[in-house]
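Here's the structure, in structure tokens; my notes come after.
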Amino acid sequence: MKNIDMTMTTTSKYSYFPGCSLATTAKENNASLIGFFKRMGIELDELPDWNCCGSSSIHCIDTNLSIMLAARNLALAPAGMPLLVACPNCLLRLKTAQLKIAEDKELRAQYEQNLGRPFDPDLKIYHVFDLLDQIGRNGFANRIIKRLDGLRVAAYYGCMLSRPPALRHEKRHNLLMENILEQTGAQSVQWSNASRCCGTFLSVVHPELVTTMVNDIHLAASAAGADCIVTACAMCHLNLEVRCALPSPVPILHFSELLALSVGDPKPDKWFSRHLIDPLPLFRSKIMKKDTRKV
Amino acid sequence: MIPNTKPNTYREVIDCADIKPTIPGAAEAILKHSGVNINLCLHCRCCAGGCPFTAAMDYLPNQVIRLIQFDLIEEALQSKTIWTCVACNTCSAQCPMAIDIPAAMDTLRQLAIQHNIPIAEPNILAFHQLIKGSIERYGRTHKAEIMLRYKLKTRDYFSDMLTGLRMFVNHKLEVIPSRVNDRTALNNILSAHR
């Protein structure tokens, strides 16, 4: 078995895989993430001409195709630079592909034939949380420009803390969002639905089923006294917004939006206009009135 | 005993009398295809207790495994369960035997397609195929087009009109697809999977 590297290579430059959701439906997630890292002195170099990792669908109907689609992205990654992945599902697909190709000679031959370059089993693939974990430990607190005092957040992880058995030794980031947001002055609530799946594609095929689940998530957050739910995955964000059928839903914020806001990114209005549940009233009452700077 | 808090929509007792095994050695086939040994399952039902979607399933996840252990693969392949699973990994993270249940489900779905088994959730398969089509065309997924094609395919034109409109107004649905430029490697990969 491959040794798991628990220490991260510290560098200020990463190649970056945004994934389809962040490139299209969740552009505000992408922009705030890139903005936040820029302010923290970390440069993200978007993987040139990346393709879809296969999403939640391709592995269902064609395992080999899903591995090879993810593999094309691995082949595009420049050598010696860690690959940073924003979407938890893309991360699973890319890591699974890397693991399978490293273990299987036939797949490796297929990789080299299709992609015309040798396979690099040592390419470091990190999720944004791996990087945030380090940032949260050193240097984040003294970079905070705008405090989020009084904002009560329900941190929502969805399925991102659950891993397939092959990846079970990788670091899990339980409570990462809570720990980092509390450094900004926000309060995190304890609630029951932090790790409940958002429903992914069943939102399209069985909207009634997902509506029940999403309503439950909103109700649990309200019951715990949260002002908003904070998500780490663009798919969760979309489902929690689109499938909530309650008269007064809780605003859903991308974790990256709060991070960027707290280190002084001046553009949240632009991001918030892309939300289906408008978070602006919450921000006007909770955050902006405490600060004379224009948000 | 695991308290049953979920609506009892799945079958508690499987009547095996009329089910004849047609594809023998299913457990071995799964082991070979996905590397998952479902014979490790001891039916503690942790997977079933954690699964968020059992309300939409006809068999619990471990019951599907049990069917295969009995070589009753056809019954497993005809189930809704294999299609309802979204691979959120809640089950496999809780499994004391570290069985990769979603990977086994992948194999079962693919076996169902290969053996022309009637698909219990045709709309889910249709959705997956639309995602594949989008990747074939653009190298990436183009949500607006996938949604439109899904509506046409399922002939369900009116539900979610308002949701779609809201998404469009809030720039959540892009008209022009984001796409891959250099298709050489992509075509190599896709041509083997038409």
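The values are calculated or read from the model by the stated rules, or taken from the named source; none is laboratory data. What you see is a predicted model; the values in this text were computed from it and never measured. All Cβ positions, glycine included, derive from the backbone under ideal geometry; neighbour counts span all protein chains shown. Protein only, heavy atoms only, side chains kept; ligands, DNA and RNA dropped before computing areas. Shrake-Rupley method; radii C 1.70, N 1.55, O 1.52, S 1.80 Å.
For the stretch B:160-186, the tally of residues that are loosely packed, with under 13 Cβ neighbours inside 10 Å and more than 7 Å from chain A (Cβ to nearest Cβ) stands at 7.
Residue-wise test of (1) out of contact with any His (no Cβ under 9 Å at 6 or more places or on another chain); (2) of a type in the set (S, T, N, Q); (3) more than 7 Å from chain B (Cβ to nearest Cβ).
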| position | (1), (2), (3) |
| --- | --- |
| A:L167 | yes, no, yes |
| A:H173 | no, no, yes |
| A:E178 | yes, no, yes |
| A:Q183 | yes, yes, yes |
| A:L202 | yes, no, no |
| A:H206 | yes, no, no |
| A:T211 | yes, yes, yes |
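If I filter the stretch B:93-103 for residues that are surrounded by 18 or more Cβ atoms within 10 Å (Cβ to Cβ) and out of contact with any helix residue (DSSP H, G or I) (no Cβ under 7 Å at 6 or more places or on another chain), do I get at least one hit? Yes, that holds for at least one residue. Only one of the listed residues (B:K143, B:K80) is closer than 23 Å to B:A29 by Cβ, charged (D, E, K, R) and open to solvent by 10 Å² or more (accessible area, probe 1.4 Å). That residue is B:K80. Could you list, in sequence order, all residues of the stretch B:121-146 that are within 22 Å of A:A26 (Cα to Cα) and within 7 Å of chain A (Cβ to nearest Cβ)? Those that are within 22 Å of A:A26 (Cα to Cα) and within 7 Å of chain A (Cβ to nearest Cβ): B:F127, B:H128, B:I131, B:K132, B:I135, B:G139, B:R140, B:T141, B:K143. Answer with yes or no whether A:R196 is part of a loop (DSSP other than H, G, I, E, B), in contact (Cβ under 8 Å) with a residue 24 or more places away in the chain and among the basic types (K, R). So A:R196 passes the test.
Let's see how each residue does on (1) open to solvent by less than 40 Å² (accessible area, probe 1.4 Å); (2) touching a strand residue (DSSP E or B) at 6+ places or on another chain (Cβ under 8 Å); (3) free of Cβ contacts under 8 Å to residues at least 40 places away in the same chain; (4) more than 18 Å from B:V86 (Cβ to Cβ):
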site: A:P48; (1), (2), (3), (4): no, no, yes, yes
site: A:L76; (1), (2), (3), (4): no, no, yes, yes
site: A:V85; (1), (2), (3), (4): yes, yes, no, yes
site: A:L91; (1), (2), (3), (4): yes, yes, yes, no
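Among the residues of the stretch A:93-122, those identified as in contact with a strand residue (DSSP E or B) (Cβ under 7 Å, 6 or more places away or on another chain) and either assigned by TED's automatic domain parsing to the domain that holds A:M235 or not polar (S, T, N, Q) (or both) are A:L94, A:K95.
Count of the stretch A:129-162 residues, restricted to those that are within 14 Å of another protein chain (Cβ to nearest Cβ) and not in a loop (DSSP other than H, G, I, E, B), is 1.
A:C198 meets all of the listed conditions (1) in contact with a His (Cβ under 9 Å, 6 or more places away or on another chain); (2) more than 9 Å from chain B (Cβ to nearest Cβ) but one, namely (2). Restricting the stretch A:166-179 to residues that are at pLDDT below 95 and open to solvent by less than 20 Å² (accessible area, probe 1.4 Å) leaves a set whose member that is farthest from B:V86 (Cα to Cα) is A:H173.
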